[in-house]
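Since the structure comes first, as structure tokens, the remarks are kept for the end.
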Amino acid sequence: MGLIKSDENMRVRVFNEFLALDYIIKHKEIFYILRTINQLFKENNPKDHIFIDYVFANLEKMPQRADDFEMLYQMLKSDNAYLRNAVILFLRNYGKEAKPFIESLMNNPDKDVRIFAINVLGDVNFEESVEMLKEFIEKEKDINALMTAVDYLGEIGREEDIPLLESIKERYKDNPYVEFGVNLAIDRIKA
């Protein structure tokens, strides 16, 4: 008898949680939604995946406010890999609308944030990705951030991007790490 009641309580709890999520989503309180799922799902529990999926599947518009983007950024840094991947998929599905957010990360003074932005850009990979990578490569001074971008350009770049890559070898002509990474990117583009 206790088992049946416990199962019934679980169904009621799940139903109530879905109703609460549905209410928040319908009222377009994106910051609140993002903050709530970031707080609730800090750890990767497979039982929570359905709630994370439900929230992102039902967001009808891209976040607009600085607070919304800050919360997306916090979620991208989460220890919960499932949540991070859900955010990346969400950004991928919004394509161009995610561009200002990714650009703001790419221009962050912290090199680790810039590297992170390049990784997100590589995962999102929308139409402007190649141009954004090329602009980043032209201005980036940190070698690790630069080579992260070179690596992604090797994956999604075109033959006409090879001269830019060659110019990097010239800029860092005494650096074997750069030469190796650039040659690898060029080989991938040519393949």
TODO: Considering every residue within region 81-95, establish whether at least one is polar (S, T, N, Q), out of contact with any Gly (no Cβ under 8 Å at 6 or more places or on another chain) and closer than 21 Å to ASP53 by Cβ.
DONE: yes
Open item on the list: Can you tell me how many residues within region 117-128 are under 18 Å from MET71 (Cβ atoms) and modelled with pLDDT of 85 or more?
Closed with: 1
- [ ] Considering (1) within 25 Å of VAL113 (Cβ to Cβ); (2) part of a helix (DSSP H, G or I); (3) not basic (Lys, Arg), say which one ASP79 fails and leave the rest.
- [x] (2)
Task: Where PHE126 falls short, out of the listed (1) in a helix (DSSP H, G or I); (2) under 21 Å from LEU76 (Cβ atoms) - done: (1)
Task: Test for PHE136: is it among the aromatic types (Phe, Trp, Tyr), assigned to a helix (DSSP H, G or I) and under 15 Å from ILE37 (Cα atoms) - done: no
Open item on the list: If LEU91 meets every condition in (1) over 10 Å from the mean Cα position of the chain (by Cα); (2) within 29 Å of GLU138 (Cβ to Cβ); (3) in a helix (DSSP H, G or I); (4) not charged (D, E, K, R) apart from one, which number is that one?
Closed with: (1)
Task: ALA117 vs. criteria under 9 Å from the mean Cα position of the chain (by Cα) and among the small types (Gly, Ala, Ser) - done: yes
Open item on the list: Against the condition touching a residue at least 24 places away in the same chain (Cβ under 8 Å), buried (at least 19 other Cβ atoms within 10 Å of the Cβ) and assigned by TED's automatic domain parsing to the domain that holds PRO46, how does LEU121 come out, does it pass?
Closed with: no
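The values are calculated or read from the model by the stated rules, or taken from the named source; none is laboratory data. Fair warning: this is a prediction, and the values are worked out from it, not measured in the lab. Please note: Cβ atoms are built from the backbone with ideal geometry, for glycine as well, and neighbour counts cover all protein chains shown.
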